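*Asks:* Right, I'll just put the structure down here and ask away after.
The values are calculated or read from the model by the stated rules, or taken from the named source; none is laboratory data. Note that the coordinates shown come from a computational prediction; the quantities given were computed from them, not determined experimentally. For neighbour counting, all protein chains shown are included, and Cβ atoms are generated from backbone atoms with ideal geometry for every residue, glycine included. Side chains included, ligands, DNA and RNA excluded: accessible areas come from the protein's heavy atoms. Shrake-Rupley method; radii C 1.70, N 1.55, O 1.52, S 1.80 Å.
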Amino acid sequence: MPYLRANTDAPFGAMPYDGTLRIRPYNKVVGYATRIFPGDFVTLVAAGNVQVAAAGDRLLGVAAENSAASTAKGDFLVYDHPNQLFVVQNDDGGTALAQTNVGNNADILATAGDTTTGRSLHELDQSDAQTTTAQLKIVGAHECEDSTPGTRVFGANRKVIVRISEHIYGSGSESGV
């Protein structure tokens with residue numbers, strides 16, 4: 001996966017980590033005027049329609065495909081299993097993540113996707129890492145961040161393994177450790 005380059009500022013949204021637990025189709029209405037990129041975090045809105053999520057929204061999952069703005073799609077695919085792990089890049093704002101943030105929560109940084117590459121630009125907002133509830137639970141650094149075998153390094157623009165903690169189908173919001 002060319003987007004999994006260690007310590008490189010190249011956001012790609014979120015991708016399933018260690019296998020896919022489930023992909024399910026959802027409805028995207030014609031009136032939704034925002035393009036959804038593969039890797040965008042998404043949520044459900046009125047009448048069960050999928051949209052790009054913003055920081056603070058309860059999450060449905062991650063878009064598995066592309067959908068043009070204002071285009072209806074009755075079978076828009078989403079990685080939506082509440083226990084699915086994802087890999088996502090953390091941003092470079094604020095205090096860099098450290099090993100002490102494993103088990104903490106953080107919100108997403110929802111930026112419009114890259115129309116040239118067709119990829120999401122969503123990231124984990126590292127300055128938001130906290131013990132109170134937030135959208136994502138930090139599970140650890142991705143193995144591509146091994147500077148010394150067996151030692152995963154955190155910092156700005158690192159690839160991080162996360163699970164959605166504020167999941168629409170989950171049991172509720174979870175506090176961090």
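*Asks:* Checking the conditions here, which among Ala69, Ala46, Ala10, Ala53 is under 22 Å from Gln126 (Cβ atoms), surrounded by fewer than 19 Cβ atoms within 10 Å (Cβ to Cβ) and out of contact with any helix residue (DSSP H, G or I) (no Cβ under 6 Å at 6 or more places or on another chain)?
*Replies:* Working: Ala69 fails: under 22 Å from Gln126 (Cβ atoms); Ala46 fails: under 22 Å from Gln126 (Cβ atoms); Ala53 fails: surrounded by fewer than 19 Cβ atoms within 10 Å (Cβ to Cβ).
Testing whether each residue is under 22 Å from Gln126 (Cβ atoms), surrounded by fewer than 19 Cβ atoms within 10 Å (Cβ to Cβ) and out of contact with any helix residue (DSSP H, G or I) (no Cβ under 6 Å at 6 or more places or on another chain) leaves just Ala10.
*Asks:* Answer yes or no as to whether Val52 is closer than 20 Å to Pro11 by Cβ and of a type in the set (Val, Ile, Thr). Show your work before the answer.
*Replies:* Numbers: closer than 20 Å to Pro11 by Cβ: yes; of a type in the set (Val, Ile, Thr): yes.
For Val52, the condition - closer than 20 Å to Pro11 by Cβ and of a type in the set (Val, Ile, Thr) - is met.
*Asks:* Please specify each residue of region 13-28 satisfying the condition of being part of a loop (DSSP other than H, G, I, E, B), in contact with an Asp or Glu (Cβ under 7 Å, 6 or more places away or on another chain) and farther than 20 Å from Leu121 by Cα.
*Replies:* Taking region 13-28 as the starting set, the residues that turn out to be part of a loop (DSSP other than H, G, I, E, B) are 13, 17-22.
Those left that are additionally in contact with an Asp or Glu (Cβ under 7 Å, 6 or more places away or on another chain): 13, 22.
Hit for region 13-28 is Arg22, nothing else.
*Asks:* What's the number of the only condition in (1) under 14 Å from the mean Cα position of the chain (by Cα); (2) under 14 Å from Val162 (Cβ atoms) that Ala129 fails to meet?
*Replies:* Single failed check for Ala129: (1).
*Asks:* Determine whether Thr131 is farther than 17 Å from Gly13 by Cα, open to solvent by 20 Å² or more (accessible area, probe 1.4 Å) and in contact (Cβ under 8 Å) with a residue 40 or more places away in the chain. Steps first, please.
*Replies:* Numbers: farther than 17 Å from Gly13 by Cα: yes; open to solvent by 20 Å² or more (accessible area, probe 1.4 Å): yes; in contact (Cβ under 8 Å) with a residue 40 or more places away in the chain: yes.
It is true that Thr131 is farther than 17 Å from Gly13 by Cα, open to solvent by 20 Å² or more (accessible area, probe 1.4 Å) and in contact (Cβ under 8 Å) with a residue 40 or more places away in the chain.
*Asks:* Restricting the first residue to region 12-38 and requiring it to be aromatic (Phe, Trp, Tyr), which pairs with a second residue that is in a strand (DSSP E or B) and open to solvent by 30 Å² or more (accessible area, probe 1.4 Å) meet a Cβ separation below 7 Å and a spacing of at least six or different chains?
*Replies:* Sorted first by the residue in region 12-38, then by its partner, the pairs are Phe12/Arg119; Tyr17/Leu85; Tyr32/Gln51; Phe37/Arg119.
*Asks:* Turning to a different aspect of this structure: Do we have His142 as open to solvent by less than 50 Å² (accessible area, probe 1.4 Å), under 26 Å from Pro25 (Cα atoms) and touching a residue at least 24 places away in the same chain (Cβ under 8 Å) here? Give the steps one after another, and end with the answer.
*Replies:* Details: open to solvent by less than 50 Å² (accessible area, probe 1.4 Å): yes; under 26 Å from Pro25 (Cα atoms): no; touching a residue at least 24 places away in the same chain (Cβ under 8 Å): yes.
In short, no.
*Asks:* Kindly list the number of the only condition in (1) among the small types (Gly, Ala, Ser); (2) in contact with an Asp or Glu (Cβ under 7 Å, 6 or more places away or on another chain); (3) farther than 20 Å from Ala134 by Cα that fails for Gly31.
*Replies:* With (1) among the small types (Gly, Ala, Ser); (2) in contact with an Asp or Glu (Cβ under 7 Å, 6 or more places away or on another chain); (3) farther than 20 Å from Ala134 by Cα applied to Gly31, the lone miss is (2).
*Asks:* Which of (1) at pLDDT 85 or above; (2) in a strand (DSSP E or B) is the odd one out, the single condition Ser127 does not satisfy?
*Replies:* (2)
*Asks:* Let me ask something else about it. So, of the residues in region 83-106 that are in a loop (DSSP other than H, G, I, E, B) and open to solvent by 30 Å² or more (accessible area, probe 1.4 Å), which turns out to be farthest from Thr8 (Cα to Cα)? Show your work before the answer.
*Replies:* Filtering region 83-106 down to residues in a loop (DSSP other than H, G, I, E, B) leaves 83-84, 91-98, 102-104.
Pick out the ones that are also open to solvent by 30 Å² or more (accessible area, probe 1.4 Å) and you get 83, 92, 94-96, 98, 102.
Values: Asn83: 27, Asp92: 10, Gly94: 17, Thr95: 17, Ala96: 14, Ala98: 17, Val102: 21 Å.
That would be Asn83.
*Asks:* Any residue at all in region 155-171 that is at pLDDT 90 or above and polar (S, T, N, Q)?
*Replies:* Within region 155-171, one or more residues are at pLDDT 90 or above and polar (S, T, N, Q).
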